[in-house]
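Undergrad: Dropping the structure in here first, questions after.
Taken together, the values in this text are just the output of simple stated rules run on the coordinates, not laboratory data. The structure displayed is predicted, hence computed values, not measured ones. Note that we place each Cβ from the backbone using ideal geometry, even for glycine, and neighbour counts take in every protein chain shown.
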Ligand code: PLP
């Protein structure tokens, strides 16, 4: 693994100028290569530009602020092969939720010990698959899962997932998973009786968490369960602090979490995490083609607005609007013959603002990306829009509804020399 140490100076501005230029050039080159009047069906499909340098910077930022926590990237968030390859090179582990995620990671040559099957309610055949391939670390939160584990994988290294207060998170998980603290003693007793190997505690404060105190409470609760386990005769050695980290408030979260870990868990206790969104959200930009436009004239008000129909929507990569409560921000990439991304960044402004609503390509009325936004340009069929921060929970949950593709091209760039070298870009 390449040495990534805490002396690395992280650029203040994460979306560095270098990154902006690289991403802009990649967007422009691809759009210019498409002639909408002659291209084959689908050549003008939406596409991503992924800056692997951003993933690399996020990793350095993690090492700097949460050095004690070994990240196990949550593959579900974005199983992009190059993101996984870069993270593998950087030495992270992987959190997998299913047989195919485990298989994808193992096929990259990753040791099974770097994988945690972090799904408390698992498919039996997947548990058999994990057992056959030596993926020992897995989570549980109920008695039935313990009986299943006893039958299928008695050597598994089990993490007891506990309930958290996820009320301040974007996607709440604790209504579905996590043992309450009044049930953990019974679960540990049962595990002991079944001669299973419980090695640690896991939690998840909810995806897109915003309250650092949730981490403090979860660490305190984990300590409580460690003590319970030790009284019952287990020697727990690992705490899994889950995911929930975002780019925006990461330093504040990390400060509370690492402070709590230092207070409640001595240094010999291993700490792992399962960040997903944190690594990839800002690394992916998507460009979409305007395939149709409807002019909406309001005779009473004397105004004109437009409905724009794009070739991607909530059944595709904008699935994050439905499943991940996101509000992607549309911006104009190309209008007529002009590329506007650069002009916008240097302060492009206009007194006339035109209102738009932005829709996806399917026949369904819920397929709307933005009910209302304004641009200073008159956007028409054939123009391109782009959306930043489209790396998390987007393409992984895209469907083929209405026959549209669920597989969009990704153009990779790297704004960090470290990532460029590792990936041979
Ligand atoms: N770990 C588990 C068990 C999860 O369910 C999830 C997301 O749902 C993650 C990790 C990743 O969470 P995030 O993307 O918020 O870091």
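Undergrad: State the Cα centre-to-centre distance between segment 162-223 and segment 106-149 in whole Å.
TA: 18
Undergrad: Roughly how many Å is it from the Cα centre of segment 311-326 to that of segment 19-33, as a whole number?
TA: 23
Undergrad: Please arrange 335, 96 by counting, for each residue, the other beta carbons lying within 10 Å of its beta carbon, fewest first. Display every interim value, and only then the final one.
TA: Values: 335 19, 96 29.
The most exposed by this proxy come first: 335, 96.
Undergrad: Let me ask something else about it. Please compute the Cα-Cα pair-distance distribution of the chain with 20 Å bins starting at 0, giving whole percents from short to long.
TA: 25, 51, 21, 3
Undergrad: I would also like to ask the following. Quick one: length gained pulling residue 252 to residue 20 fully straight, 0.36 nm per residue minus the C-alpha distance? Could the numbers behind the result be given before it?
TA: On the way: separation 232, 0.36 × 232 = 83.52 nm, distance 2.61 nm.
Length gained between residue 252 and residue 20: 80.9 nm.
Undergrad: For segment 53-279, what number results from the quotient of the Cα radius of gyration and 2.2 N^0.38 Å? Could the numbers behind the result be given before it?
TA: On the way: Rg = 16.3 Å, N = 227, 2.2 N^0.38 = 17.3 Å.
Normalised by 2.2 N^0.38 Å, the Cα Rg of segment 53-279 equals 0.94.
Undergrad: Between residue 378 and residue 107, what FRET efficiency comes out of the Förster formula 1/(1 + (r/R0)^6) with R0 = 45 Å and r the beta carbon distance, rounded to 0.05? Let's see the in-between values first.
TA: Working: r = 49 Å, r/R0 = 1.08.
It comes to 0.40.
Undergrad: I've got another one for you. How would you rank 127, 219, 199, going from fewest to most other Cβ atoms within 10 Å of each one's own Cβ? Could the numbers behind the result be given before it?
TA: On the way: 127 22, 219 25, 199 19.
Exposure proxy ranking, most exposed first: 199, 127, 219.
Undergrad: Also, quick follow-up: Ranking 390, 253, 307 by Cβ neighbours within 10 Å, fewest first, what do you get? Please list the in-between numbers first.
TA: On the way: 390 28, 253 24, 307 14.
The fewest-first ordering by Cβ neighbours comes to 307, 253, 390.
Undergrad: While we're on this one: Mind giving me the FRET efficiency for residue 220 and residue 400? R0 is 45 Å, r the Cβ-Cβ distance, nearest 0.05 is fine.
TA: The value I calculate is 0.50.
Undergrad: Right, another one. Pulled fully out, how much extra length does the chain show between residue 355 and residue 268, if you take 0.36 nm times their separation in residues and subtract their Cα-Cα distance?
TA: Values: separation 87, 0.36 × 87 = 31.32 nm, distance 5.83 nm.
Between residue 355 and residue 268, full extension yields 25.5 nm more.
Undergrad: Let me ask another. With just the Cα atoms defining each centre, how far is segment 361-388 from segment 43-65? Give it in Å.
TA: 24
Undergrad: Still on this structure: Angle between the Cα long axis of helix 52-65 and the longest principal axis of the chain, 0 to 90 degrees, nearest 10?
TA: Between the helix axis and the principal axis of the chain, the angle is about 40 degrees.
Undergrad: When the helices in the chain are scored as -39500 (n - 2.57) per DSSP H run of 4 or longer and the sum is shared across all residues, what 222 nm value do you end up with, to the nearest 500 deg cm²/dmol?
TA: That calculation yields -9500 deg cm²/dmol at 222 nm.
Undergrad: For the chain, find the longest principal axis of its Cα atoms and tell me its angle to the long axis of helix 143-152, 0 to 90°, nearest 10.
TA: So the helix axis and the longest Cα principal axis differ by about 80 degrees.
Undergrad: For residue 128 and residue 38, what does the FRET efficiency come to when R0 = 51 Å and r is the distance between their Cβ atoms, rounded to the nearest 0.05?
TA: Using R0 = 51 Å, I get an efficiency of 0.45.
Undergrad: Okay, next question. Residues of segment 30-49 with amide nitrogen under 20 Å from the 7 Å Cα-to-Cβ point of residue 337?
TA: Residues 30-39 qualify, since their backbone N sits under 20 Å from the label point.
Undergrad: Normalised radius of gyration for segment 310-425, please: alpha carbon Rg relative to 2.2 N^0.38 Å, two decimal places.
TA: Its radius of gyration relative to the 2.2 N^0.38 Å reference: 1.20.
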